[in-house]
Every structure is written in C-alpha cells, then in structure tokens.
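Visitor: Quick one: the structure is below, and I'll ask about it shortly.
The values are calculated or read from the model by the stated rules, or taken from the named source; none is laboratory data. If you're wondering where the values come from, they're calculated on a predicted model, not measured in any experiment. Glycine also receives a Cβ, built like all others from the backbone with ideal geometry; neighbour counts cover every protein chain displayed.
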Amino acid sequence: MIERVKKFLGYKSDAQLARALGMSVQNFSKQKKTKGAETAAYRLAVDRGADPDWLLTGRGEAKAVKSDTSLAALAGKLLADGMGEGQDKVILGLILQMQNEQSRRLDLLSSKLERLANERDASVAQFGEVETRIRNELAARREVVAKLSNTLAVLQLDLGELKNRLIDAGRTEDIRLLGELGSGVK
C-alpha cells in the first residue's frame, strides 16, 4: 500500500513520504515494520482525496469517486471481495482508525463552533456595553443642554429686567449697548 500512496501523492521515495508525514526517515522505516507508517500514509492519502478501496486493494480508480463511502459499506465491500487471511483484521483496524479520525474531526469542528459561539457572545456583550456607554453619554449631554437652556432663559430674563431699569432711568446709550449685547443671547 505504501507504493500506491507514494504514487497517488507523486512521491518517488520513502524519504519524501516520511517528510510529508512529519517523520524522520529512520522512524518511517521502523514504522513500516509495524504497519504504523502504512496507517499514517493511508490517512494522509485519503485526506488528500485517494480512493480508500484503491489504496487497500489496488483495484478501481486512484482518485476517490463520490459514492457510498460509508465505513460500513467500505468494510463490507473489502471483506466481500475476499481479502486474504489476516488482511481482514488490518482492514478492520484501518476502518476503526478512520472512524476515530472522523470522530476527532467532528470534535475539532464542535470545538471550533463552540469557540465561534463564545466569540459571538463576547461581541454581543461588548456591543451591549458600548451601547450602554453611548446611552449614558447621550443622557449626560442632554442634561448639560437642559442646564444651559435654563441658564440662557435666566440670562434673558435678567437682560429684560436690566433693560427695563435702564429705560426707567432714561439711560438711552446704555439701552443701545444692552440691545447689542442682548442680540447675541437668544
């Protein structure tokens, strides 16, 4: 199977495959004896689109075709094709490893979804905090505007009262100056 994996991936040597698997050449050679390298190479090739049946048996197309590729269907097909003595255990072991890999991927996706949901919740909370600060700032500014409006109204009343006193005292020049001053206060 190692040769089919190398062929599918376009590698000419075990060293290239070892590097792709993240192994040293020495470790890869040791793992070949225990089928560990074969299992890792199989997973790598399947992840990159190789047909599991072709990898295991050499029959069919190297590239995976969209069909019933459930693990149960694959196991049934391989066993029905009359695998040799002992190979059925290897195949079943590989299928179990594929199931474990699918579970691991599902766990990773679940973790990623949970992280994204947490990030979304944090963003919503942060938005709520910003919205509260903006509302508080707006309320404070409205309060300042109300106080300024009240102060302006008092000033206008005071100017009106001062103007009336100046009129009573006959101080026309001061009334003219007061008019100019009052025109700036509205």
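Visitor: Do any residues in segment 102-124 that are at pLDDT 80 or above have Cβ atoms under 9 Å from those of residues that are surrounded by 10 or more Cβ atoms within 10 Å (Cβ to Cβ), where the two are at least six apart or on different chains, and which pairs are they?
Guide: Pairs found: 102/71.
Visitor: Same structure again: Considering only residues of segment 3-26 that are loosely packed, with under 15 Cβ neighbours inside 10 Å and either more than 36 Å from the chain's Cα centre (by Cα) or among the β-branched types (Val, Ile, Thr) (or both), which is nearest to residue 60 (Cα to Cα)?
Guide: Only one residue tops the list, namely 3.
Visitor: Condition first: more than 18 Å from residue 94 (Cβ to Cβ) and not in a helix (DSSP H, G or I). Now tell me which residues in segment 20-38 satisfy that.
Guide: Hits for segment 20-38 are 22, 23, 24.
Visitor: Looking at segment 143-174 only, could you name the residues that are basic (Lys, Arg) and either surrounded by fewer than 10 Cβ atoms within 10 Å (Cβ to Cβ) or under 60 Å from the mean Cα position of the chain (by Cα) (or both)?
Guide: Answer for segment 143-174, where residues must be basic (Lys, Arg) and either surrounded by fewer than 10 Cβ atoms within 10 Å (Cβ to Cβ) or under 60 Å from the mean Cα position of the chain (by Cα) (or both): just 147.
Visitor: Do we find that residue 138 is in a helix (DSSP H, G or I) and either of a type in the set (Phe, Trp, Tyr) or within 15 Å of the chain's Cα centre (by Cα) (or both) in this structure?
Guide: No.
Visitor: Can you name the number of the only condition in (1) surrounded by 11 or more Cβ atoms within 10 Å (Cβ to Cβ); (2) more than 30 Å from residue 55 (Cα to Cα); (3) hydrophobic (A, V, I, L, M, F, W, C) that residue 140 fails?
Guide: The single condition residue 140 does not satisfy is (1).
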